[in-house]
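Notes to accompany the following structure.
What follows draws every value from the coordinates through simple rules; no lab data is involved. Keep in mind that this is a model prediction, so the values were computed, not measured. For neighbour counting, all protein chains shown are included, and Cβ atoms are generated from backbone atoms with ideal geometry for every residue, glycine included.
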Amino acid sequence: METDFFDNWTVQVRKGLLELCILNALAEEERYGYDLVKTLISVPGLGVTEGTLYPLLSRLRVQGLITARLEESPEGPARKYYSLTRDGKKIMAAMNDYVDALTAATRQVQKGA
Amino acid sequence: MTEWTDSAKRALDNYFGRMRSQLYASGADAGEVIDDLGRHIDQEIAAANLRVVTERDVQQMLQRIGAPEVPGGKQSVLVVEPAHATAPAARKAHPLLLFFGVLLPAITLAVEVATHMCAGVFFDPIPTWWHVILVASVIAANLAAWVALRHGTRYWHATMFFNGVAVAVSLYFGLLFLQLFPLALIAIIIFGLGLVPLAPLFCFAAALVVRTKLRRLAPDYAPRFWWGVGAGALAISLVAIPAPLTRQLAKIARSEDPATSTRAVRWLRAVGSKDTLLRDCYGGTAWSRDPVLGFSFVGTPVTPEHARNLYFRVTGKPFNSVPAPQRSFARGGWDELNDWTWDREQGGDAVGAVVKGVTMSQSRLDGLIDGDAGWAYTEWILEFKNVSQRAREARAQIALPRGGVVSRLTLWVNGEEREAAFAGKEHVRQAYREVAVVQRRDPVLVTSCGPDRVLMQCFPVPAEGGTIKVRLGITAPLTIENAAEASYSPPYFLERNFGVPKGSDHSLWIESDQPLIAGNENLAVATPRNSRYGGHGGIADAQLASSRLRVKRNPDATRFWVADHGANDGSAIVQTLVQKVAPAPKHIVLVVDTSESMQGHVDQVAAALAEFPASSLISLVLARDGVVDALQRSSDPTAAMNILRDLRPGGGHDNVAALSRAWDLAGADGMVVWIHGPQPVLLGNLEALQQRVFWKATGDSTAQPVVYDLQAGQGPNRVVEKLDSAWVAFSTVPYSGKVADDLRLLFARWSAGRTFEWTRERVPSPDGLSAEKGSKHLARLWAFNEAKRFIAARQVGNAIKLGGTYQLVTPVTGAVVLESKQQFDQAGLTPVDSQSVPTVPEPGTLLLAATGVALLYIVRRRQKSSRA
């Protein structure tokens with residue numbers, strides 16, 4: 001029972017943070033999809049698969065937060081490069097601030113208790 | 001290079017298929033996600049260095065990748081089965097959508113195609129099969145969308161696209177039927193019916209509802225809808241707009257302002273629908289005119305007469321020279337093609353529209369040629385068949401050999417031959433109308449309709465497979481090419497209101513005592529037998545006009561006489577071949593028609609100018625949406641050649657104004673050569689040209705040009721047809737099939753400086769004449785020319801008397817065969833004695849043959865009795 005509750009809760013938290021993780025992964029530089037997805041999959045605790053990440057990337061692109069471009073690669077299939085848009089950067093900053101504030105608030109409540 | 005096994009490919013395709021139907025609600029672009037995943041898998045394979053990808057490899061990769069996560073729910077749900085996606089959609093695909101979007105329009109379309117209900121009563125919503133396909137595509141698109149809403153689909157792009165097509169097309173048809181909305185409401189209220197005329201509106205509404213539901217389910221594919229709307233609008237533009245656009249332009253072309261009219265005609269040539277114009281040439285109900293966007297009743301409909309004029313101006317062809325529009329549906333749009341409507345030209349003096357079901361079932365031409373005496377007599381036996389449901393009149397304008405005259409007319413009544421009565425033109429026409437139109441019995445009528453042409457009409461060609469058979473006898477002078485050779489050309493149809501089935505040839509058989517030479521490949525010359533020469537062949541209708549036979553003649557045979565059978569006073573007709581010194585005209589004005597029908601002929605005119613008489617000046621007048629003075633009194637024919645080579649014939653143009661202009665340019669010392677295509681409608685004002693011909697006929701005019709009339713191809717010529725005394729000024733140049741050859745021959749005659757001409761005169765007695773005995777045809781030809789002379793001198797009564805006496809169809813006399821003696825008596829007409837008509841072979845030849853048979857019989861009898 002406790003395990004089920006925890007699992008459900010982590011799914012909710014993870015789901016809410018996944019988009020922020022993608023935006024953060026693109027904060028520094030443009031990255032191509034395969035590399036980006038592999039990086040995020042390998043993050044411990046995030047527990048995502050390609051089947052989840054690619055739809056999210058597409059949705060973020062449709063929402064105008066990231067852009068994508070295709071580039072031919074001599075080493076194999078064409079590579080799709082993702083980068084943040086100006087809106088994406090603003091949202092990412094706001095989301096990070098919010099998460100920081102939320103974490104701080106959570107800690108503060110814990111100390112208070 | 002990596003290879004995929006078939007099962008591996010199938011496994012991946014299945015995965016993508018399932019994923020696509022689950023992704024549409026995720027807010028992601030399904031196509032993009034699938035592309036990305038495909039690329040990802042390729043990279044996985046490359047990283048793993050796999051040479052062969054098996055189903056197992058794919059399954060392992062897909063297991064790792066997992067299914068897409070659908071956002072928006074309280075819990076993260078990994079959708080695996082398609083059933084999860086279709087369950088909510090099923091509720092959205094309501095059966096009413098299927099009824100109004102698919103079933104009702106399908107029933108409506110089927111009813112209209114089968115019964116033509118709307119076309120017959122109101123307007124024709126589906127005049128072509130393209131319209132039917134458009135409507136069917138709307139029904140198919142709505143059905144596909146309904147299935148997609150209910151069961152999901154892998155083809156969202158296509159579904160959205162065709163939904164757009166359906167909205168655009170059903171909007172058009174909905175607006176089209178909007179005009180019937182009040183009637184439909186009344187029908188629903190009173191009779192409980194009326195859904196059918198509202199079907200397009202319901203269909204449009206259904207397509208819009210489908211559009212809303214589809215957009216909710218698959219928002220990422222929404223842009224495809226607008227592509228579909230664009231494609232639907234384009235399809236409507238291509239299919240449905242040309243007809244009303246053509247009709248609007250046709251209305252503008254009727255403007256009194258020539259510039260406006262010409263502008264509209266140019267637009268019609270560029271964007272108009274020739275098919276629509278042709279259909280309007282055959283009439284139609286007022287409602288079927290402009291069925292566009294509810295404005296059917298605005299403006300005056302295009303009348304058949306106006307449409308026929310326009311059809312020529314736009315296409316350059318007579319409307320009845322192309323097959324009549326025949327379609328199995330929408331018959332209400334074409335009154336005249338319907339079995340139970342009236343042939344408005346029946347009993348009139350125009351050939352008019354092609355009537356349904358009447359064809360020429362047999363055609364046979366038998367002829368005699370006398371090369372020495374320079375005449376030909378041809379009997380043309382025609383049989384017509386009518387497979388329609390009502391009796392019809394067969395009408396044709398027939399071109400006679402140059403200078404020819406109809407000298408016999410026969411109708412077969414119950415298998416018996418009945419000869420014609422020859423009398424004044426109005427007299428015989430009145431008798432024909434009385435019998436054909438009022439009594440609806442068996443007459444045939446032949447009247448003149450211009451130089452070297454007659455109008456033949458016979459009624460009734462009985463319904464349901466009935467036939468009628470007639471014979472025209474035509475006496476004509478041969479064209480003398482030089483002292484030792486003459487040429488013969490058979491009569492042919494210029495215009496007809498019946499069909500000539502493919503493969504129905506004209507069977508031609510010509511005999512002569514002089515050697516014959518085939519003038520072209522249409523005719524073969526038989527091996528001579530008993531000093532007789534024959535030329536025969538089966539000739540297609542399109543080839544008859546250009547068929548030629550040349551005949552050798554004795555250069556010393558220059559004078560013939562024959563007793564004047566019309567006078568019976570011992571007088572005789574003497575015919576003499578005269579060689580005239582005729583230097584080339586000082587000035588030749590070429591009038592060139594630039595209509596579409598001259599395509600290919602204009603270049604030939606240019607080529608023939610290489611042999612233009614060296615001593616003549618040349619002027620060039622073009623008939624092209626008015627008159628173009630292209631060249632005046634130049635001594636350099638190459639200038640005209642260059643102008644002609646740059647010409648691009650197109651449309652149909654008025655030639656009357658150009659002829660008047662050429663007449664004036666020719667002046668006192670010039671000739672006019674008019675090279676043109678068929679002139680099926682009279683576009684310009686004929687009076688100015690009529691005035692010039694009138695003054696020439698009086699012999700007092702300062703300008704006396706002759707118009708050498710060379711028509712390229714078969715078809716009517718309303719200009720010479722409507723001109724009084726046209727033969728005074730117009731001389732037909734026989735068309736051999738190649739304009740260049742005909743012009744070269746004309747130029748060569750002028751360059752040679754001499755011509756051969758038959759002159760005929762009446763003398764009190766043949767006694768002491770140094771001449772050979774000739775045929776009665778010489779007297780007929782003399783009488784024909786004499787009648788024309790009387791007409792020119794305004795002595796019409798004398799001309800009618802002469803035509804009646806010599807049994808000739810002249811410009812003022814005609815021939816009519818009625819069914820019974822009673823009808824002849826009532827009309828005050830007397831049919832000719834069957835012994836007095838010309839025949840093939842001639843009576844003299846028949847007598848000779850009978851004598852031969854009798855002698856042979858006597859010799860055989862004697863041989864038998866001596867053996868006994």
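In the range B:743-817, the alpha-carbon atoms span a convex hull of 180 Å³ per residue. Once each part is reduced to its C-alpha centroid, what is the distance from the range B:250-273 to the range A:94-113 in angstrom? Spelled out, the Cα-based centre of one part sits 81 Å from the other. Among the listed pairs B:K274/B:K722; B:K425/B:K773; B:K502/B:K552; A:K15/A:K38; B:K502/B:K788; B:K469/B:K773, those whose Cα-Cα separation exceeds 29 Å are B:K425/B:K773; B:K502/B:K552; B:K502/B:K788; B:K469/B:K773. Rounded to the nearest 10 degrees, the inclination of helix B:6-23 to the longest alpha-carbon principal axis of chain B is 80 degrees.
Running Debye on the range B:466-615 with equal point scatterers at the Cα sites and no solvent, what base-10 log of I(q)/I(0) appears at q = 0.10, 0.14, 0.19 Å⁻¹? Debye curve over Cα of the range B:466-615, log10 I(q)/I(0) at q = 0.10, 0.14, 0.19 Å⁻¹: -0.60, -1.08, -1.31. A dipole drawn for the protein assembly as shown from +1 and -1 charges on Cβ atoms has a positive end, and of B:Q822, A:T10, B:L98 the residue lying farthest that way is B:Q822.
What FRET efficiency would be calculated for the residue pair B:N568, B:I381, taking the C-beta separation as r and a Förster radius of 35 Å, to the nearest 0.05? Rounded to the nearest 0.05, the efficiency is 0.70.
Computed from the alpha carbon atoms alone, the convex hull of the protein assembly as shown holds 316 Å³ per residue.
What residues of the range B:255-276 lie in the reach of a label at B:E305, counting those whose backbone N is under 16 Å from a point 7 Å from the Cα along Cα→Cβ? Counting only backbone N, you get B:255-256. Sequence-ordered 3J(HN,Hα) estimates for the range B:731-745 from the Karplus curve with 6.51, -1.76 and 1.60 and θ = phi - 60° stand at 10, 6, 9, x, 9, 9, x, 10, 4, 4, 5, 5, 5, 4, 4 Hz, glycine and proline given as x.
Please report, in debye to the nearest 20, how large the charge dipole of the range B:588-684 is about its Cα centre when each Lys and Arg carries +1 at its beta carbon and each Asp and Glu carries -1 there. Intermediate results must be reported in sequence, preceding the final value.
Numbers: 5 positive and 11 negative charges, 7 e Å.
Value, rounded to 20: 40 debye.
Taking every alpha-carbon pair in chain A and binning the separations at 5 Å intervals from zero gives 2, 10, 18, 20, 19, 13, 8, 5, 3, 1, 1, 0 percent.
May I ask for the Rg/Rh ratio of the range B:529-651, computed from Cα atoms with Rh as the Kirkwood radius, given to two decimals?
Rounded to two decimals, Rg/Rh equals 1.15.
When DSSP assigns beta bridges and you keep just the ones with both residues in the range B:614-766, what percent turn out antiparallel, to the nearest 5? Each step should come with its number before you reach the end.
On the way: 5 of 14 bridges.
Of those bridges, close to 35 percent are antiparallel.
Each principal axis of the range B:581-726 carries a Cα extent, and these read 39, 36, 25 Å when sorted largest first.
Residue-wise HN-Hα couplings along the range B:549-557, as the Karplus relation 6.51 cos²θ - 1.76 cosθ + 1.60 with θ = phi - 60° gives them from phi, are 10, 9, 10, 6, 9, 7, x, 7, 7 Hz; Gly and Pro carry x.
What is the order of A:E30, B:E819, fewest Cβ neighbours within 10 Å to most? List each step's numbers first, then the result.
Values: A:E30 14, B:E819 17.
Placing the least packed residue first, the sequence is A:E30, B:E819.
In this Cβ point-charge picture (+1 for Lys and Arg, -1 for Asp and Glu), the protein assembly as shown has a dipole of about 1020 debye about its Cα centre.
Helix B:129-151 and the long axis of chain B differ in direction by around 10°, with both axes built from C-alpha atoms. A full extension of the chain between B:A614 and B:T359 corresponds to an added length of 86.9 nm, given 0.36 nm per residue minus the alpha carbon distance.
Please figure out what share of the DSSP beta bridges in the protein assembly as shown is antiparallel and state it in percent, rounded to the nearest 5.
Details: 110 of 143 bridges.
So the antiparallel bridges amount to about 75 percent of the total.
Counting Cβ atoms of other protein chains within 10 Å of each residue's Cβ and taking the mean over peptide A:77-90 gives 1.
Using alpha carbon coordinates only, what is the Rg to Rh ratio of chain B, with Rh defined as the Kirkwood radius?
Details: Rg = 37.6 Å, Rh = 32.7 Å.
Over the Cα atoms of chain B, Rg/Rh equals 1.15.
Spacing of the modelled spin labels on B:R789 and A:V11, each 7 Å from Cα toward Cβ, amounts to 11.9 nm. Helix A:50-62 axis versus longest C-alpha principal axis of chain A: approximately 80°, rounded to the nearest ten.
If I model the range B:408-468 as equal point scatterers sitting on the Cα atoms and use the Debye formula, what is log10 I(q)/I(0) at q = 0.12, 0.19, 0.27 Å⁻¹? Values, matching the q order: -0.31, -0.75, -1.28.
With R₀ fixed at 22 Å, the C-beta to C-beta distance from B:W130 to B:A110 puts the FRET efficiency at about 0.80. Site pair A:T67 and B:S531 shows an inter-label distance of 10.5 nm when each label is modelled 7 Å from Cα along Cα→Cβ.
Considering only DSSP beta bridges where both residues belong to chain B, give the percentage that are antiparallel (nearest 5). Walk me through the numbers on the way to the answer.
Working: 101 of 134 bridges.
Of all bridge pairs located within chain B, approximately 75 percent are antiparallel.
Each label was represented as a point 7 Å from its Cα along the Cα-to-Cβ direction; for A:K111 and B:L234 these points are 6.8 nm apart.
Taking other C-beta atoms within 10 Å as the exposure proxy, A:C21, B:C449 rank A:C21, B:C449 from fewest upward. Positive end of the dipole of the range B:413-505 (Cβ unit charges, origin at the Cα centre): among B:Y488, B:A436, B:A421, the Cα lying farthest that way belongs to B:A436.
Distance from the C-alpha centroid of the range B:602-681 to that of the range B:137-191: 58 Å, rounded to the whole angstrom. Across peptide B:664-672, the mean count of Cβ atoms from other chains lying within 10 Å of each residue's own Cβ comes to 0. Averaged over peptide A:43-54, the number of partner chain Cβ atoms lying within 10 Å of each residue's Cβ comes to 5. Panel order for A:M95, B:M160, B:M61, by other beta carbons found within 10 Å of each beta carbon, from fewest to most: A:M95, B:M61, B:M160.
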